[in-house]
Amino acid sequence: PELSQESCLCFNIAHHSIQVYFEDVLVYSLEGDASNRIGRNVSSNWCSVHVGQTHAGESVRVELLPMFDAAVSKEPIFLLGSHYAVAMDVILGELPLLVLSSLCILLGLFVFAGFLYYRYIVKTEAVGMNYLGAFSVFLGLWKLTDLRCVPLLLPEHAMSMGYISVGSLFLVGLCLLLYFSTLFVERKQKVLQLLACVCSLLCLYVLAAQL
């Protein structure tokens, strides 16, 4: 395609250190922060490298170094165009999931508000509604922060979005187990509550592994 002054080479990749070369000259680098106590790896990021008319005919080399074995098979899709055009293409492609995840969060907040209303205004026990509302919120939050368009719109918070996505996924299972525990007799409740404790410990282990 014809290059303009606004043309960018864009691609999305997670858990890789990245180096981009034009004619063996390093023009872009992204590495993990060894001083970051919360997470030293690179989360899901959109890499954008300016490609102007002066770069026409030059060779481009992208070096990707996976930080985990699970990331070895990940291959980025390269897009060329203005930053705005790339952003609109990605957002429109994920618009249905963006809308559904947002509705899921709103529905969860509505259910949780219903729990508070019955609990403190009507003075009636709304058993399980708090867990069901939290389940819906975390489910929507997990999918919302897992979308490729989120680090594109919030590049400075890409790592934070990654941790919110992982944390929400664990909390989805936790809330679902606690909700089902309210539907059974006490003996079966203990089994599900034990599984919820295991889920919580697994979440803490994943967090500790990042330190």
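No value in this document is a laboratory result; all are computed from the given coordinates. Given the structure is predicted, the values throughout are model-derived calculations rather than measurements. Here the Cβ is made from the backbone with ideal geometry for all residues, glycine too, and neighbour counts use every protein chain on show.
Find, among the chymotrypsin sites (Phe, Trp or Tyr not before Pro) in segment 46-131, those assigned to loop by DSSP (not H, G, I, E, B) with at most 16 other beta-carbon atoms within 10 angstrom. Present the calculation step by step, with values, prior to reporting the outcome.
Working: sites: W46, F68, F78, Y84, F110, F112, F115, Y117, Y118, Y120, Y131; in loops: F68, F78.
Qualifying residues, ordered by number: F68, F78.
Overall shape of segment 68-158 was characterised from the C-alpha gyration tensor. The equivalent ellipsoid obtained from it has semi-axes of 37, 15, 9 Å, in decreasing order.
Remark: spin-label model distance D89-Y28 equals 1.3 nm, labels positioned 7 Å along the Cα→Cβ axis.
Which trypsin sites (Lys or Arg not before Pro) in segment 56-157 sit in a loop by DSSP (not H, G, I, E or B) and have at most 11 other Cβ atoms within 10 Å of their own Cβ?
When the trypsin sites (Lys or Arg not before Pro) of segment 56-157 are filtered for loop state and at most 11 Cβ neighbours within 10 Å, K123 remain.
Among the GluC sites (Glu not before Pro) found in segment 57-122, those both in a DSSP coil and sparsely packed, with 14 or fewer other Cβ atoms within 10 Å of their Cβ, are E58. 3J(HN,Hα) along segment 8-18: 9, 8, 10, 7, 10, 8, 10, 6, 9, 7, 10 Hz, from the Karplus curve 6.51 cos²θ - 1.76 cosθ + 1.60 with θ = phi - 60°, whole Hz, x for Gly and Pro.
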